[in-house]
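Notes for the one structure printed next.
The values are calculated or read from the model by the stated rules, or taken from the named source; none is laboratory data. All of these numbers come straight from a predicted model, not from anything done at the bench. Neighbour counts run over all protein chains shown; Cβ positions are idealised from the backbone, glycine included. Each accessible area value is taken on the protein alone, full model and side chains, heavy atoms only, with ligands, DNA and RNA left out. Shrake-Rupley method; radii C 1.70, N 1.55, O 1.52, S 1.80 Å.
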Amino acid sequence: MAEPAPSTRPSKKTLIAASLVGTSIEWYDYYIFGTAAALAFGSVFYPKFSSTAGTLAALATFAVGFVARPLGGAVIGHFGDRIGRRSMLVLTLLLTGGTTTLIGVLPTYAAIGVGAPLLLVLLRVLQGFGVGGEWGGAVLIASEHATPRRRAVYGSFAQFGVPVGVLTSNLAFLAVSGLSDDDFLAWGWRIPFLLSVVLVVGGLLVRSRLQDAPEFTKAKRERATNRAPLAELVRRQPVTLVLASLASIAPPAIGYTVTVYMLTYGTTVVGFDRTTLLWLILASTAIWIGAIVLAALASDRFGSRRVYVLGAVTAVLWPVPMFLLVDTGAAGPAFLSFAVAALVQGIMAGAQGGLFTEIFDVRVRYSGISIAYQLGGMVGGAVTPLVATALFGASGSSTAVALYVAALSLVSLVAAVGLSVRRAALTEDRSAASVRPSA
């Protein structure tokens, strides 16, 4: 029986839309939780705690989602490597969108007591599980359709979803920021969550047109997919997995310091009002998006590894000046602080998709890039707001927080350099294998 002819490849516009729209929606869902955790959840779900303890409890709930993300990356990555990228991307969109909408209708602590924060934590875990498999699939559905010389640009489509998610989540909260504190805490915070259902429907319509890339389809047809991708990944590329995970820490460490921790720090310590900070962060996303474009183009020209290392160097250097500028209490210096932080993130984000696609074998690629990205996100994103709050509480100084973020970025820098060396070694090994006489 003859094999069916391969399907027509999706157009570049379809790939951009499917990768960008899906990740934008999922990161919108994720970031509105972070914003709500900083501005509302302490009062709504943990009212029996003190102000500081309530904030820590809300941020801990935010962090729980990051713990679920590596598990989601492993499980969804497993099926993405065995079954295909497209079906898993539909699943991740349904998981994150559905749980986000349910958060918008959750009863509060005042209504049902301790059941309210327990349900919030459960939904956050499910949301994190879905997000865990999203980024890897969105990167691969685009980058695997690209030629090797355009993989960074195609891989960057998914990266736009992060700043777009920040932009849209901040816009959603700005729309309700004019409410009184009582109205905002009573019902205003729910509106951004309920809007998610509309966005998810649009995302599903776009992703229904997707197809898996020829590279994956060929591997599936000719060699069959690996029955245990994670075991194969750990057996064949353990060093690559560890280094890629460590290299992934810096972007979320910088990002969540700005988009989550600064909302609490800026309003309660420095004295900014909530609306001003949201507008400043929103404005900086334009620089973030522009930096992703330039970094992706540079990566395809000069190499993803070099560009990513450059971004990691800037991530080490910027945290101390970033806090000094915010501590002035003036909008201009604060915007400069956030703008350069956005530039730092954009440089690494533009290179990351192409780099991670290159370093993992196609048969374990979904698992590899998902787990590495999510483990880095757990350390850099989940832990940073919590540690930052605790460090400031203990020291009374933002310097300790800045040095902590810089130290995390230094870990990523060292790992990125090591990953570059490791990939060069792998390339040499493959070249040698290609000329080695067969037995």
For LEU102, tell me the accessible area in Å² from a 1.4 Å probe, rounded to the nearest 10. 90 Å²
How much accessible surface area, in Å² rounded to 10, belongs to the heavy atoms of ARG86 with a 1.4 Å probe? 80 Å²
Out of THR35, THR108, THR328, a Gaussian network model of the chain with alpha-carbon springs under 10 Å gives the largest mean-square fluctuation to THR328
Which listed residue (ILE103, GLY42, PHE66) has the Cα farthest towards the positive end of the charge dipole for region 20-107, taking +1 on Lys and Arg C-beta and -1 on Asp and Glu C-beta about the Cα centre? PHE66
GNM top mover of ARG363, ARG151, ARG227 - the chain, alpha-carbon springs below 10 Å: ARG227
Dividing the helical contributions, -39500 (n - 2.57) per DSSP H run of n ≥ 4, by the residues of the chain yields a 222 nm value, nearest 500 deg cm²/dmol, of -25000 deg cm²/dmol
List the DSSP H helices in the chain whose Cα atoms stretch 24 Å or more along the helix axis and whose mean Kyte-Doolittle hydropathy is at least 0.5. 51-82, 85-103, 115-143, 274-302, 331-359, 398-435
Out of LEU294, GLN211, VAL258, whose Cα points farthest toward the positive end of the dipole of region 180-336 (charges: +1 Lys, Arg; -1 Asp, Glu; placed on Cβ)? GLN211
Taking the Cα centre of the chain as the origin, how large is its charge dipole in debye, to the nearest 20, when only Lys and Arg (+1) and Asp and Glu (-1) carry charge on their Cβ atoms? 1540 debye
Order the following by accessible area, largest value first: ASP81, ASP300, ASP182, ASP361. Probe radius 1.4 Å; ligands, DNA and RNA are ignored. ASP182, ASP361, ASP300, ASP81
If DNA, RNA and ligands are ignored and the probe is 1.4 Å, what is the ranking of TYR308, TYR109 by accessible area, most exposed first? TYR109, TYR308
Rounded, prolate or oblate for region 277-341? Axes are the square roots of the Cα gyration tensor eigenvalues, ordered a ≥ b ≥ c, and the cut-off for rounded is a/c under 1.5. oblate
Taking the mean number of other Cβ atoms within 10 Å as a proxy for protection, how do you rank 280-287, 14-21, 345-352, 26-33 from highest to lowest? 345-352, 26-33, 14-21, 280-287
Let a ≥ b ≥ c be the square roots of the eigenvalues of the Cα gyration tensor of region 105-200; is it rounded (a/c under 1.5), or, if not, prolate (a/b larger than b/c) or oblate? oblate
Roughly how many Å² of THR147 are accessible to a 1.4 Å probe, to the nearest 10? 80 Å²
Please label the shape of region 280-407 as rounded, prolate or oblate, based on the square roots a ≥ b ≥ c of the eigenvalues of the alpha-carbon gyration tensor (a/c under 1.5 means rounded; beyond that, a/b larger than b/c means prolate, else oblate). oblate
Using the Kirkwood radius over Cα pairs of the chain, the Stokes-Einstein translational diffusion coefficient at 25 °C and 0.890 mPa s, in µm²/s and rounded to a whole number, is 113 µm²/s
Student exercise, region 174-301 dipole from Lys, Arg, Asp, Glu Cβ charges, in Debye to nearest 20: 900 debye
When only C-alpha pairs under 8 Å and at least 6 residues apart count, what is the relative contact order of the chain, in percent? 25 percent
